[in-house]
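Reading through the C-alpha cells given below for one structure.
Rule-based calculations on the coordinates, nothing more; no lab input. All values reported here derive from a predicted model rather than from experimental measurement. Cβ coordinates were reconstructed from backbone atoms using ideal geometry, including for glycine residues, and neighbour counts include every protein chain displayed.
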Amino acid sequence: MSNPSSPKTEATVIDGAVRFNAVMPDGETRVFELSSEALTQHFGAKDASDAALLAAFERGRTEIMAAAGKALDTPASEDAIPLGSGDFS
C-alpha cells in the first residue's frame, strides 16, 4: 500500500495513523502520530482509508496543531508523540 501524503502538512498515513511534523515554539521539529479513531470521532473521517484520514486531518489541522503543542511532555513511542481522542474535547 502506498503512503499518500498531504502536501499542505506533509502528513502521511502509516499503519492506519497519521504522522506529521510540527515546529514547536522552541524551534524544534517534533513528530506526532494521530490515531484514526480521533480522526473519525472528532474530525469526521468517513472511514479509515488513507484519503479519508488525510482529508479529516486537513479539516482539523488548526485544532490538531494546538493539541500537539500541549502534548510536548508526552513520552514519544516509536519516535512519535501519540495523539488520540482524549487530546480533543
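For the chain, which span is the longest to avoid every loop-located (per DSSP) member of trypsin sites (Lys or Arg not before Pro) having at most 15 other Cβ atoms inside 10 Å?
My reading of the result: 47-89 is the longest stretch.
Measure nothing but the geometry: give the 0 to 90° angle between the long axis through the Cα atoms of 50-59 and the longest principal axis through the Cα atoms of the chain, rounded to 10°.
So the inclination is approximately 50 degrees.
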